[in-house]
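So the structure is just underneath, and the comments pick up after that.
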There are 2 protein chains.
Amino acid sequence: MSNAPEFGKIVVFGVGLIGGSFALGLKAAEQVEEVVGFGRSLATLTQALDLGIIDRAGANAGQEVADADLVLIATPVGQMPEIMARIAPYLGPDTVVTDGGSTKTDVVAAAREHFGDKLGQFVPAHPIAGAENSGAAAARADLYREKKVVLTPLPENSVLNLARVRSAWEWCGAQVHQLLPSEHDRVFAAVSHLPHLLSFALVHDLAVRENSELYFSFAASGFRDFTRIAASHPEMWRDICLANHVALLEELDRYRAQLDELHDALRRGDGAALEKTFDIARSARRTWAEGKAR
Amino acid sequence: MSNAPEFGKIVVFGVGLIGGSFALGLKAAEQVEEVVGFGRSLATLTQALDLGIIDRAGANAGQEVADADLVLIATPVGQMPEIMARIAPYLGPDTVVTDGGSTKTDVVAAAREHFGDKLGQFVPAHPIAGAENSGAAAARADLYREKKVVLTPLPENSVLNLARVRSAWEWCGAQVHQLLPSEHDRVFAAVSHLPHLLSFALVHDLAVRENSELYFSFAASGFRDFTRIAASHPEMWRDICLANHVALLEELDRYRAQLDELHDALRRGDGAALEKTFDIARSARRTWAEGKAR
């Protein structure tokens, strides 16, 4: 039958925003027969059941992955190695595994350690669909629609396994891109991890002052935008920073050198240097925003 | 008559977003009889006339301010000294002057230099109503509604002159606050000028890379928010940075020290230190946002 779902059974570890939206997306596309969920708490699993995200809660991970078509590991990155270790021995030969982690070098290293000769069945992924909310209640079928998902395929992946994982994300509506894991981590250190660090740093710097209330009371819309990401989850961002510390330190060094230059320009009153920097930034920001709007 | 306008004639130098909205706000409140505008170009003045922002374009600044009740200098800060010098000799004894500059120490210094024994007639102001758009076409009567306006009164100001300037901003719907000029500049260096500098720096740092397109192509919503202010006007921000360089350098030094600490925490893998910083920032950001929402 031409309209049969592409996937029979999928198993999702972590039924929050990322995992839940993946399941809902495949269900909305009618491309999955059964979704089995694992989670840290019974409450989350019950909620995911009630919301129709999963069809049942799994009890035995090894048993569930043995005959699954697709496994998504959508827990915080710190918990992935343990899940990989738990499922690796039982993975069926035709089961593909993907993940939803924001960093890739560390996830790939864990996969190399735990999947052994089944490494080719794991196709790492990073869905770029950050949201201020998290948890199963925030999951929605269209979270990935027209959002980017970056796959960082491994040399061990077969064309078929790569195609199956790509297909799953595409059924969720995502635009799938490919980068090397190291390339992924450099790019996201620059455009995501560093801005988070900088935003957290600014708010922290104000918050620890004795007269912080005076400062906050005059903060306006520019501050609001600049610091929106400083309301992000501390534990999650701690893990991302630690996992990607090599690339992030490189970016931070570059950025500090840039601030040193601006500091010097300010100190010597070099308006031309300041204006040139601001002008290049504004042009690039506008070009980027216009590209996004297209 | 109890409903007579509080101000007869006002003169506005710079009929863009700030000056135009001030005029429209007073007109909407029916608190002004006549608005006379000065601008850098005939085109702007014609537009301001067409939009009903001003009633006529002024020809002779000295003559116009002589019998004005209120003068607003709403040009870029760099042009204010020249305007002050031009109008000072002609200011009527009952004319009060205010401004719309984003920095105050430098504006006060210029006022001290140019207004001489009429300094008491000048009450410096900074309306906190940044907008991405500028120009007369962006002006609107409600721009200042429920926005903060910071007055930085001078020891030379009489209670009466302070009250008249305060009243004008209040008729525009603003919440008027008072700070010392130096205090104003320290606060805004921290909550506005530094974030702009940091945002410009991040985008510039990406824009000058050979493979900048790769980076920008994966930038998402966090980047969008963090860098929105990097689309601000380069010339205006050059002037603000130069005008407030003392306070801004102090803030930049503090911030660089903060980044050094985060750099060290990252290098030694100190997750607890990172999480503590992020957590303090998130709490403060949330408290601030909740306060704003009230």
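What follows is calculated from the coordinates using simple rules that are stated; it is not laboratory data. Keep in mind it's a predicted model, so treat the numbers as computed, not measured. Cβ placement follows ideal geometry from the backbone for every residue including glycine, while neighbour counts extend to all protein chains displayed.
The table that follows gives values for the structure above.
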read-out	value
For B:229-242, mean number of other protein chain Cβ atoms within 10 Å	6
Selected from A:I53, A:I83, A:I18 as most flexible by GNM, with chain A as the system and alpha-carbon contacts under 10 Å	A:I83
Farthest toward positive dipole pole in chain B [+1 Lys/Arg, -1 Asp/Glu at C-beta], among B:A137, B:S167, B:A231	B:A231
Point-charge dipole on Cβ atoms (K/R +1, D/E -1) for the range B:181-229, about Cα centre, debye to 20	100 debye
Given A:K147/B:K276; B:K104/B:K148; A:K104/A:K147; B:K9/B:K148, the pairs whose alpha carbons are separated by over 26 Å	A:K147/B:K276
Diffusion constant of the range A:98-155 at 10 °C, which comes from Stokes-Einstein with the Kirkwood Cα-pair radius and 1.306 mPa s, µm²/s	125 µm²/s
Shortest-first nm distances, A:L180 label point to equivalent points in other copies (7 Å, Cα→Cβ)	5.7
Cα-based Kirkwood hydrodynamic radius, the range A:134-269, one decimal, Å	18.2 Å
Linear extension gain, B:E82 paired with B:E6, 0.36 nm per residue minus alpha-carbon span	24.5 nm
Residue-wise HN-Hα coupling along the range A:90-95, computed from phi with Karplus coefficients 6.51, -1.76, 1.60 (Hz; x: Gly, Pro)	9, 3, x, x, 9, 8
Rg(Cα)/(2.2 N^0.38 Å) for the range A:7-179, N = residue count	0.91
In sequence order, calculated HN-Hα J values of the range B:153-160 (Karplus, 6.51, -1.76, 1.60; Hz; x Gly/Pro)	x, 9, x, 6, 5, 7, 4, 5
C-alpha center-to-center spacing [the range B:266-282, the range B:182-230] in angstrom	22 Å
Electrostatic dipole magnitude of the range A:184-293 [Cβ: Lys, Arg +1; Asp, Glu -1; Cα centre; debye, to 20]	320 debye
Share of pairwise Cα separations in the range A:167-247, more than 15 Å, in percent	67 percent
Share, in percent, of DSSP beta bridges within the protein assembly as shown that are antiparallel, nearest 5	10 percent
Amide H within-cut-off set for B:I128, under 5 Å, with H built and near neighbours excluded	B:K148, B:V149, B:V150
3J(HN,Hα) from dihedral phi, the range B:64-80, Karplus parametrisation 6.51/-1.76/1.60, rounded to Hz, x for glycine, proline	5, 6, 4, 10, 7, 7, 8, 10, 10, 9, 10, 8, x, 4, x, 8, 5
All-pairs Cα distance distribution in the range B:193-294, expressed in whole percent, bin size 10 Å	12, 29, 42, 16, 1
DSSP beta bridge pairing in chain B, given as percent antiparallel to the nearest 5	10 percent
Label point 7 Å beyond Cα along the C-beta direction, distances from B:Q79 to other copies (nm, shortest first)	5.9
Amide H partners (placed H, <5 Å) of A:G8, local residues excluded	A:E33, A:D69
Max mean-square fluctuation residue, GNM over chain A, Cα-Cα springs under 10 Å, options A:E170, A:E30, A:E275	A:E275
For A:D99, residues with placed amide H under 5 Å, excluding near neighbours	A:I73, A:A125
Label 7 Å beyond Cα on the Cβ vector: B:R209 copy-to-copy distances, nm	3.2
Gaussian network model of chain A, springs between alpha carbon atoms under 10 Å - residue of A:A247, A:A284, A:A136 with greatest fluctuation	A:A284
Range of Cα positions in the range B:64-110 per principal axis (Å), largest first	28, 15, 15
Computed E for A:A137/B:A272 - FRET, C-beta separation, R0 30 angstrom, nearest 0.05	0.50
Nearest-20 debye value, chain A charge dipole, Cβ charges on Lys, Arg, Asp, Glu	580 debye
Nearest-to-axis residue of chain A, judged by beta-carbon position, where the axis maps A onto B, in Å	A:D225, 2
Share of Cα-Cα pairs in the protein assembly as shown lying beyond 41 Å, as whole percent	37 percent
Sparse-neighbour loop sites [GluC sites (Glu not before Pro); the range B:103-168; at most 15 other C-beta within 10 Å; DSSP]	B:E132, B:E146
MRE, 222 nm, helices only [DSSP H, n ≥ 4, -39500 (n - 2.57), over chain B, to nearest 500]	-15500 deg cm²/dmol
Positive-end residue of B:L24, A:A61, B:H177, charge dipole of the protein assembly as shown with Cβ unit charges	B:L24
Rh (Kirkwood; distinct C-alpha pairs) - the range B:179-224, Å	12.5 Å
For chain A, diffusion coefficient by Stokes-Einstein and Kirkwood Rh (Cα), 4 °C, 1.567 mPa s, µm²/s	62 µm²/s
